[in-house]
Amino acid sequence: MSAPFIHTLYFEDLRVGMQETLMRTVMDEDVVDFARISGDDNPIHLSERYAAKTRFGQRIAHGLYTASLISAVLGTRLPGPGAVYRSQTLNFHAPVKIGDVVTVVVEVVELVPEGRKARLHCEALVDGQVVLDGEAAVSVPGRPKQPKQT
C-alpha cells in the first residue's frame, strides 16, 4: 500500500472563493466507531428500538460525526496539511441518517495576512438540503523561505 499523495497549500496559495468538496456515505460502522471513540453512546445513535420511538423514527448519526467531515476537508484538502483549527461554529438543521450521502463544502471567505489566518464557510448537505453549516477559522502555514542560491 502506497502513501497518499499530499498536496500542501500554503497561505500564499489561498484565494477567497476557493472551494473543496467531500462526499461520504454514513455507514452503520461509522456511527458505532464514532460512539466508541467519543464515548457518546446515546441510544438514538445505536439502538433501532429506542430510535424508532423518537421524532426521527430511526437511528441518526452523531452531529459531531458530520462536523468531523468538515475537519477532514480542512486537514487534508483546503487548506490541507499543516492547517490548525482556531475555532468552529456549528448550526445543526436536520438529522443525518445511516445510509445518507453527506456532501461537505468548504469555501474560503476571508484571508487575514497577519498571523496567516483563513476564515471558511462550511456546510454539509444531504440530498441538496443543508443539514449543518457554520464557519471555521484556521491558521495556515506560510510558504517556507527558499535558501539563497550562491
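Based on this model, can you work out whether PRO141 counts as out of contact with any helix residue (DSSP H, G or I) (no Cβ under 6 Å at 6 or more places or on another chain) and surrounded by 15 or more Cβ atoms within 10 Å (Cβ to Cβ)? Before the answer, list the steps.
On the way: out of contact with any helix residue (DSSP H, G or I) (no Cβ under 6 Å at 6 or more places or on another chain): yes; surrounded by 15 or more Cβ atoms within 10 Å (Cβ to Cβ): yes.
For PRO141, the condition - out of contact with any helix residue (DSSP H, G or I) (no Cβ under 6 Å at 6 or more places or on another chain) and surrounded by 15 or more Cβ atoms within 10 Å (Cβ to Cβ) - is met.
Here is a list: THR54, THR66. Which entry is hydroxyl-bearing (Ser, Thr, Tyr) and touching a residue at least 12 places away in the same chain (Cβ under 8 Å)? Steps first, answer last, please.
Details: THR54 fails: touching a residue at least 12 places away in the same chain (Cβ under 8 Å).
Residue meeting the stated conditions: THR66.
When you scan region 48-104, how many residues do you find that are part of a loop (DSSP other than H, G, I, E, B), among the basic types (Lys, Arg) and either touching a Lys or Arg at 6+ places or on another chain (Cβ under 9 Å) or surrounded by fewer than 13 Cβ atoms within 10 Å (Cβ to Cβ) (or both)?
Residues of region 48-104 part of a loop (DSSP other than H, G, I, E, B): 53-59, 61-62, 77-83, 89-90, 93-96, 98-100.
Applying the additional criterion that residues be among the basic types (Lys, Arg) yields 53, 55, 59, 77.
Filter once more, so that each one left must be either touching a Lys or Arg at 6+ places or on another chain (Cβ under 9 Å) or surrounded by fewer than 13 Cβ atoms within 10 Å (Cβ to Cβ) (or both): 53, 55, 59.
Residues flagged as part of a loop (DSSP other than H, G, I, E, B), among the basic types (Lys, Arg) and either touching a Lys or Arg at 6+ places or on another chain (Cβ under 9 Å) or surrounded by fewer than 13 Cβ atoms within 10 Å (Cβ to Cβ) (or both) within region 48-104 amount to 3.
Out of GLN88, GLN58, report the one residue that is in contact with a Gly (Cβ under 7 Å, 6 or more places away or on another chain) and of a type in the set (S, T, N, Q).
On the way: GLN58 fails: in contact with a Gly (Cβ under 7 Å, 6 or more places away or on another chain).
Result: GLN88 is the single residue among GLN88, GLN58 that is in contact with a Gly (Cβ under 7 Å, 6 or more places away or on another chain) and of a type in the set (S, T, N, Q).
Are any residues in region 120-138 surrounded by fewer than 17 Cβ atoms within 10 Å (Cβ to Cβ) and more than 13 Å from the chain's Cα centre (by Cα), and if so, which ones?
ASP127, GLY128, GLN129, VAL130 - these are the residues of region 120-138 that are surrounded by fewer than 17 Cβ atoms within 10 Å (Cβ to Cβ) and more than 13 Å from the chain's Cα centre (by Cα).
If you check every pair at least six apart or on different chains, which have Cβ atoms under 9 Å apart with a residue in region 5-26 that is over 18 Å from THR66 (Cα atoms) first and a residue that is surrounded by fewer than 11 Cβ atoms within 10 Å (Cβ to Cβ) second?
TYR10/PRO144; PHE11/PRO113
Restricting attention to region 13-34, which residues are surrounded by 12 or more Cβ atoms within 10 Å (Cβ to Cβ), outside any loop (DSSP other than H, G, I, E, B) and out of contact with any His (no Cβ under 7 Å at 6 or more places or on another chain)? Write out each step before concluding.
Of all residues in region 13-34, those surrounded by 12 or more Cβ atoms within 10 Å (Cβ to Cβ) come to 13-14, 18-22, 24, 26-28, 30-34.
Going one step further and asking which of them are outside any loop (DSSP other than H, G, I, E, B), we end up with 13, 19-22, 24, 28, 30-34.
The answer is ASP13, GLN19, GLU20, THR21, LEU22, ARG24, ASP28, ASP30, VAL32, ASP33.
Exactly one condition in (1) over 17 Å from ALA136 (Cβ atoms); (2) touching a His at 6+ places or on another chain (Cβ under 9 Å); (3) surrounded by 15 or more Cβ atoms within 10 Å (Cβ to Cβ) is false for ASN42; which is it?
(3)
Looking at LEU125, LEU132, can you tell me which residue is without any contact (Cβ under 8 Å) to a residue 40 or more places away in the chain, in contact with a Ser or Thr (Cβ under 7 Å, 6 or more places away or on another chain) and part of a strand (DSSP E or B)? Please lay out each step first, then the result.
On the way: LEU132 fails: without any contact (Cβ under 8 Å) to a residue 40 or more places away in the chain.
Of the residues listed, the single one that is without any contact (Cβ under 8 Å) to a residue 40 or more places away in the chain, in contact with a Ser or Thr (Cβ under 7 Å, 6 or more places away or on another chain) and part of a strand (DSSP E or B) is LEU125.
No value in this document is a laboratory result; all are computed from the given coordinates. A quick note: this is a predicted structure, and the numbers were derived from the prediction, not measured. Here the Cβ is made from the backbone with ideal geometry for all residues, glycine too, and neighbour counts use every protein chain on show.
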